1. Which numbered condition in (1) open to solvent by 10 Å² or more (accessible area, probe 1.4 Å); (2) farther than 30 Å from Ala257 by Cβ; (3) free of Cβ contacts under 8 Å to residues at least 40 places away in the same chain is the only one that Leu158 fails?
2. Of everything in segment 571-593 that's surrounded by fewer than 18 Cβ atoms within 10 Å (Cβ to Cβ) and in a loop (DSSP other than H, G, I, E, B), which residue is modelled with the lowest pLDDT?
3. Just one of Val87, Val6 is open to solvent by less than 40 Å² (accessible area, probe 1.4 Å), β-branched (Val, Ile, Thr) and modelled with pLDDT under 90; which is it?
4. Quick check on my filter: what residues within segment 25-39 are farther than 11 Å from Val263 by Cβ and not in a loop (DSSP other than H, G, I, E, B)?
5. Output the number of the condition that Leu255 fails; it satisfies all remaining conditions of (1) touching a Pro at 6+ places or on another chain (Cβ under 7 Å); (2) surrounded by fewer than 23 Cβ atoms within 10 Å (Cβ to Cβ).
6. Inspect all residues belonging to segment 91-100 and state whether any of them is in a helix (DSSP H, G or I) and buried (at least 22 other Cβ atoms within 10 Å of the Cβ).
7. Taking helices (runs of 4 or more DSSP H) that do not extend beyond segment 265-332, which have at least 3 residues that are β-branched (Val, Ile, Thr)?
Amino acid sequence: MSHEYVLKPFTPEIRLNIDYPRELNEQQLAAVTAPPGPALVIAGAGSGKTRTLTYRVAYLLEQGIPADRILLLTFTNKAAGEMMRRVSDLLGHELRALWGGTFHSIGARILRLHADTLGYQKDFTILDRDDAKDLIKACMADAKIDKKDKHFPKPDVLNEIFSLAANTHKTVEELVDGQFSYFSQFIAEIADQQKRYLARKRATNGMDFDDLLALWLKLMQEHPDICEHYQRRFQFILVDEYQDTNKLQGDLIDLLAARHKNVTVVGDDAQSIYAWRGANFANILDFPKRYPGAKVFKIETNYRSTPEILAVANAAIAANVNQFAKELSPARKSGVKPALVQCHDAGQQAAFIAQRALELREEGTNLNNICVLYRSHFHALELQLELTRRQIPFSITSGIRFFEQAHIKDATAYLKFVANPKDEVSFKRLVQLIPGIGGKGAEKLFQSFTARMVNGELKIETKLATALQTCVKAVPKKAAVAWAQFVATISQLEAEETRRSAAKMLRLVMDAGYDDYLKETYDNYERRLDEIQQLAEFAFQFGTVEEFLTQLALLTNVEAEEDPQDDTEKIKLSTIHQAKGLEFEVVFVIMLCDGLFPSARSTESNDGEEEERRLFYVSITRAKNELYLCYPNLRAGFGSSGMDTYQSPSRFLSEIPKGLLNEWNLR
């Protein structure tokens with residue numbers, strides 16, 4: 001393989017005048033200026049991973065690589081936005097030609113161009129979690145599965161099984177045998193439901209989130225010409241958070257990079273904590289095996305934590321056998337030694353945290369910079385009660401996502417249906433908003449509506465509203481007036497001038513009576529109305545309704561964020577999984593008891609225990625200035641008989657040399 005950068009003819013090199021040795025440390029510089037070829041960058045916690053990636057993009061551009069030949073893949077919309085913003089800041093202008101975004105957004109972009117090759121239309125609907133669940137419900141109804149059978153998996157569980165099957169390249173049978181053995185008697189029925197679900201998605205011209213990756217890979221594997229096109233196009237591929245990729249994503253990257261082998265993956269094997277949702281640890285661990293001759297760069301200078309906290313972090317992860325050995329080194333000055341806090345019970349643990357938080361605030365630490373981390377949400381029950389009793393404000397990192405709220409989904413269903421009349425989920429959602437029409441009525445109306453189609457399509461001259469009007473005989477008499485209003489609304493929405501603007505469509509939905517529905521249905525009507533209006537404002541930035549709907553579907557994968565208008569100081573309560581990537585001045589890690597952290601199930605295998613140790617490492621490396629590792633000796637009322645249960649300190653605590661911790665005994 002040639003080790004020269006491939007220049008696009010007649011494209012002048014970009015000169016950014018970046019002083020790389022001055023802007024980067026030696027380890028970052030080596031990764032940023034690496035020659036072409038495969039590279040694995042092991043970026044330790046707080047070591048400037050994002051900085052390394054963005055400067056790598058800038059360096060490639062300076063070497064003459066055209067922006068549209070670079071693919072930058074991330075996991076979250078927030079990370080994608082941050083990285084693209086930083087690249088733009090370095091350049092001094094936006095770089096629209098660069099292919100940068102989440103795996104799913106890039107998949108959607110490519111599938112929009114080639115959907116017809118796979119038997120889909122380019123206006124396919126992207127189903128979010130709720131849409132997928134509704135479609136699975138319809139499949140279960142078709143199969144006449146008894147809803148009263150409490151043992152058969154519910155639609156949410158089926159959706160999870162189907163999703164894991166897609167992302168891990170396993171069959172439903174393999175997944176049920178391995179992770180869902182309690183459904184083993186239903187293997188044949190679950191496999192049948194998967195077939196029905198796949199067929200129904202195709203029939204309604206819909207793709208779920210997993211399809212955006214699975215069908216992208218299928219497109220590349222089954223169509224060599226398209227595969228070669230993208231292999232040639234993407235001369236350089238950069239992947240963020242590589243330790244979190246699953247089998248499907250790993251295969252996509254390997255296939256895209258097969259021609260040039262210019263793939264740089266950045267991640268930290270010590271922070272691989274998502275095996276439970278399909279992440280494949282082998283992707284990062286075996287990268288040098290899959291890419292012989294790959295250069296491995298380690299970035300170990302930590303800019304976040306004090307030397308004392310890093311010493312504990314290094315000791316905490318040392319026992320793991322399957323890892324790239326590294327030693328985080330501090331860039332900051334010395335601080336206080338982390339504390340090991342032994343409490344009598346969970347109540348005393350909660351009281352200690354509440355009291356210490358108040359003391360820290362008196363000393364000048366804002367409550368927003370204090371975080372309590374735990375393995376599972378139920379570990380914080382006593383703490384929530386204690387904070388409530390003391391009237392200490394706190395927030396919990398959980399809650400329904402903005403774009404998955406009922407009123408947002410109702411409003412956008414109008415747009416989805418007009419954009420894709422075959423969208424069964426949106427059609428049924430809309431008609432069930434009409435009083436007097438339930439699930440069975442919606443199914444009858446959908447059958448009546450689709451009967452008006454020829455080969456699955458409306459006649460070119462047929463308006464959507466006209467086709468709906470012909471279904472009036474299937475409408476219950478008590479819903480006739482509301483149905484007429486619905487048809488009129490669709491007629492207005494599909495008018496050419498309105499159809500071009502998602503913002504106009506949303507405002508028309510409100511004016512056409514949905515605001516009355518909000519008044520009649522919700523006690524917080526004004527907030528919901530304002531949110532739809534804000535959604536309409538958000539929609540203005542998109543050129544087409546399809547672009548807006550694509551972005552909306554992708555955003556449903558974003559975790560709920562706090563209201564930026566709320567400036568109240570609040571202690572953060574979070575599971576460690578949800579806190580990954582964040583940092584706080586002070587961190588408390590609680591319930592460090594064997595069976596709780598590590599969890600009892602995880603210790604049944606070496607791989608499980610090693611992942612739990614990585615989770616412990618992640619919790620420690622969130623702390624900047626102070627760290628408290630807490631455990632109760634007694635767990636009140638959580639034994640099998642409801643009696644108090646004595647706890648053993650987490651085995652992970654015994655792996656940390658005593659000299660690294662200040663021991664506080666509160667018993």
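The values are calculated or read from the model by the stated rules, or taken from the named source; none is laboratory data. Everything numeric in this text was worked out from a predicted model, so none of it was measured. Quick reminder, even Gly has a Cβ in these numbers, built from the backbone with ideal geometry, and neighbours come from all protein chains shown. Please note that ligands, DNA and RNA were not included when accessible areas were found on the heavy atoms of the full protein model with its side chains. Shrake-Rupley method; radii C 1.70, N 1.55, O 1.52, S 1.80 Å.
1. Only one criterion is unmet by Leu158, namely (1).
2. Gly581
3. Checking each option against the conditions leaves just Val87.
4. Our first condition is that a residue be farther than 11 Å from Val263 by Cβ; within segment 25-39, this holds for 25-35.
Of everything in segment 25-39, those that are farther than 11 Å from Val263 by Cβ and not in a loop (DSSP other than H, G, I, E, B) turn out to be Glu26, Gln27, Gln28, Leu29, Ala30, Ala31, Val32.
5. Result: Leu255 passes all but (1).
6. No, that holds for no residue.
7. Because the criterion is at least 3 residues that are β-branched (Val, Ile, Thr), the helices (runs of 4 or more DSSP H) in segment 265-332 that meet it are 307-317.
The rows are residues; the columns are (1) at pLDDT below 95; (2) farther than 18 Å from Val589 by Cα.
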position	(1), (2)
Glu604	yes, yes
Phe616	no, no
Asn633	yes, no
Ser640	yes, yes
Asn662	yes, no
